[in-house]
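K.L.:
Let me give you the structure first, and then I'll get to my questions.
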Amino acid sequence: MRVLNKNGRQYRLPGVLNPFQEEMYLHFIDWKWANITTEPGYYKKLPYDAILPESVKKNFPVIYPDVVDSLQMHHDQFYFKLHQHFNHMASSQAANANLFLPVLLHPRANDVLKLIKPDDFQELATEELDHGFQIEFWGPREGTGLLGDHTKLYGTDSDIAIAYFNNNHELCLWLIEHKLTEKEFTECGGLTSNGKKPQHDCSKSFSEILRNKSYCYYHDVRHFRYWDITGRHQAFFANHDKYTQCPFRGGTNQLWRNQLLALSLEEQAWPYKHVFFSVVRHPLNIYPDNTITDYKNLIADNPKFSVFTSADVIKAAESLGNAKLNKWATWYRELYNL
């Protein structure tokens with residue numbers, strides 16, 4: 001923890017933040033002090049101004065007020081684990097709910113979503129999932145999931161899944177990964193695992209690992225199905241031959257796993273005919289961009305993967321001139337510094 005003195009105020013912050021993170025943290029803290037409380041929260045017994053104190057957590061003060069009840073009901077019906085730092089002003093999980101639930105639960109949701117996904121979105125499939133969406137989606141909740149990596153503590157999830165009908169009235173699914181202030185996607189844990197053995201060689205290429213999947217710790221020891229699924233979809237990773245080492249060592253690992261979830265769901269062909277995967281990020285957070293560019297190069301800009309920003313969602317909603325959506329958009333802009 002470090003103390004930053006700025007504009008006559010003292011801010012208790014994490015020790016290391018990049019410039020964008022620091023700007024956002026100061027903004028979040030100012031917003032918290034003005035709208036919630038000046039009391040700090042604690043992490044490992046140290047006070048941090050961006051964390052909410054226990055005294056206010058139960059009211060979900062980081063969630064847009066109009067959707068708090070819906071979020072709680074969704075959590076009860078489709079249980080998902082609240083992140084350790086859900087009650088942090090920079091919580092990406094909370095920001096994800098704040099960005100999508102006010103749209104998805106609005107009567108004009110279709111009009112907004114068509115503007116964000118204009119190529120094939122026709123209407124929300126409200127009979128699927130929970131009114132057409134599910135937070136922390138990992139497919140059929142059976143065993144360890146389609147990727148074989150799900151437990152109560154970890155596993156590959158889509159931050160939100162949206163079920164919809166396309167222009168041919170085919171049922172589709174849209175998986176979305178949300179990034180707020182994160183500087184990178186989740187990197188490969190197998191690369192640095194204490195359980196890694198000499199035969200687990202991340203310097204091997206994509207093709208070499210497919211020929212001998214035991215090079216991958218995740219496959220050999222954890223029995224995750226990542227490379228089995230990848231082997232069935234080699235063509236999707238069209239430019240893999242340009243990488244001399246495993247292309248999923250760094251932040252592309254999370255993008256790969258989410259894409260594999262989409263491909264696995266699509267393999268089943270029921271109930272979803274087509275499954276797409278997108279990343280939505282804060283428009284000023286350019287730090288994950290190198291990883292996104294690398295991943296897009298790997299898959300040769302396959303249209304099954306796309307990127308948009310939270311500002312795109314807000315602008316789409318505002319363009320309708322709806323009073324309720326505009327009220328939410330103003331709140332969101334103020335909180336997330338758009």
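Throughout, read-outs are computed from the coordinates displayed, never taken from laboratory work. Computed from a predicted structure; not experimentally measured. Neighbour counts run over all protein chains shown; Cβ positions are idealised from the backbone, glycine included.
K.L.:
Positive end of the charge dipole of the chain (Lys, Arg +1 and Asp, Glu -1 on Cβ, about the Cα centre): tell me which of Asn7, Asn239, Val56 has its Cα farthest that way.
P.N.:
Asn7
K.L.:
Then there is this: What would the Debye equation give as log₁₀ I(q)/I(0) for the chain at q = 0.08, 0.09, 0.10 Å⁻¹, counting only Cα atoms as equal point scatterers?
P.N.:
-0.41, -0.52, -0.64
K.L.:
Determine, for each peptide in 120-130, 197-207, the mean count of other beta carbons within 10 angstrom over its residues, then list the peptides with the highest first.
P.N.:
Values: 120-130: 17.1, 197-207: 14.2.
Listed from highest to lowest mean packing, they are 120-130, 197-207.
K.L.:
Moving on to the next point. For region 91-197, what Kirkwood radius comes out of the mean inverse Cα-Cα distance, in Å? Please report the intermediate quantities before stating the final value.
P.N.:
On the way: mean 1/r = 0.0640 Å⁻¹.
Computed over region 91-197, the radius equals 15.6 Å.
K.L.:
Expressed in nm to one decimal, what extension gain is obtained for the pair Thr151 and Val68 from 0.36 nm per residue of sequence separation less their Cα-Cα distance?
P.N.:
Values: separation 83, 0.36 × 83 = 29.88 nm, distance 2.69 nm.
Working it through step by step, the gained length comes to 27.2 nm.
K.L.:
On to the next question. Note the per residue figure in Å³ for the convex hull of the C-alpha positions in region 287-338.
P.N.:
Details: hull volume 4.3 nm³, N = 52.
Dividing the Cα hull volume of region 287-338 by its residue count gives 83 Å³.
K.L.:
Related question: Would you tally the net charge around Leu105, using a Cβ to Cβ cut-off of less than 12 Å, leaving Leu105 out, and scoring K and R as +1, D and E as -1?
P.N.:
Values: positive: Arg108, Lys324; negative: Asp66, Asp69, Asp130.
So the environment of Leu105 carries a net charge of -1.
K.L.:
Given an 8 Å cut-off on Cα distances and at least 6 residues of separation, report the relative contact order of region 190-242 as a percent. Don't skip to the end; give the middle numbers.
P.N.:
Numbers: 37 pairs, mean separation 16.6, N = 53.
Reported as a whole number, the value is 31 percent.
K.L.:
Report the full-extension gain for the segment Thr37 to Asn239: residue separation times 0.36 nm, less the Cα-Cα distance, to one decimal in nm. Write out the running numbers ahead of the final one.
P.N.:
Values: separation 202, 0.36 × 202 = 72.72 nm, distance 5.07 nm.
Separation in residues times 0.36 nm, less the Cα-Cα distance, equals 67.6 nm.
K.L.:
Follow-up question, since we're still on this one. Any idea which of Phe185, Leu171, Tyr218 is furthest toward the positive side of the dipole for region 113-251, if Lys and Arg beta-carbons carry +1 and Asp and Glu beta-carbons -1?
P.N.:
Tyr218
K.L.:
Using 7 Å Cα-to-Cβ label points, what is the His169/Glu187 separation (nm, one decimal)?
P.N.:
So the label points at His169 and Glu187 sit 5.0 nm apart.
K.L.:
Take the Cα radius of gyration of region 220-286 and divide it by 2.2 N^0.38 Å, with N its residue count; two decimals is plenty.
P.N.:
Numbers: Rg = 13.8 Å, N = 67, 2.2 N^0.38 = 10.9 Å.
In units of the 2.2 N^0.38 Å rule of thumb, it is 1.27.
K.L.:
Report, ordered by chain and residue number, the lysines lying within cross-link reach of Lys204, taken as a straight Cα distance under 29 Å and ignoring same-chain residues fewer than 8 apart.
P.N.:
Lys183, Lys196, Lys213, Lys242, Lys296, Lys304
K.L.:
Once you order the gyration tensor axes a ≥ b ≥ c over the Cα atoms, which shape class does region 73-148 get: rounded for a/c under 1.5, otherwise prolate or oblate by comparing a/b with b/c? Don't skip to the end; give the middle numbers.
P.N.:
On the way: a/c = 1.93, a/b = 1.28, b/c = 1.51.
Note, shape of region 73-148 comes out oblate.
K.L.:
If you place +1 on the Cβ of every Lys and Arg and -1 on the Cβ of every Asp and Glu, how big does the dipole about the Cα centre of the chain come out, in debye to the nearest 20? Spell out each step's value before the answer.
P.N.:
On the way: 36 positive and 39 negative charges, 204 e Å.
Dipole size: approximately 980 debye.
K.L.:
Still on this structure, I have one more. How big is region 8-54 by Rg and Dmax over its Cα atoms, in Å?
P.N.:
Values for region 8-54 (Cα only, Rg and Dmax): 10.3, 29 Å.
K.L.:
Take the alpha-carbon centre of region 248-275, take the same for region 50-120, and report the distance between them in whole Å.
P.N.:
23 Å
K.L.:
Let me ask something additional. Over region 1-120, what is the relative contact order in whole percent, taking alpha-carbon pairs under 8 Å and six or more residues apart?
P.N.:
Details: 104 pairs, mean separation 23.0, N = 120.
Contact order relative to length: 19 percent.
K.L.:
Which whole-number percent gives the relative contact order of the chain, counting Cα pairs below 8 Å spaced six or more residues apart?
P.N.:
On the way: 506 pairs, mean separation 53.1, N = 338.
Averaging sequence separation for qualifying contacts and normalising by length gives 16 percent for the chain.
K.L.:
With a cut-off of at most 14 other beta carbons within 10 Å, and DSSP calling the residue loop, which GluC sites (Glu not before Pro) in region 165-248 qualify? Please list them. Please report the intermediate quantities before stating the final value.
P.N.:
Working: sites: Glu170, Glu177, Glu182, Glu184, Glu187, Glu208; in loops: Glu170, Glu182, Glu184, Glu187.
In loop regions of region 165-248 (DSSP not H, G, I, E or B), the sparsely surrounded GluC sites (Glu not before Pro) are Glu170, Glu184.
K.L.:
Would you kindly give the portion of the calculated P(r) for region 156-252 that falls above 18 Å, as a percent of all Cα pairs? Mind showing how you got there, number by number?
P.N.:
On the way: 2680 of 4656 pairs.
Counting pairs separated by more than 18 Å, the tail of P(r) holds 58 percent.
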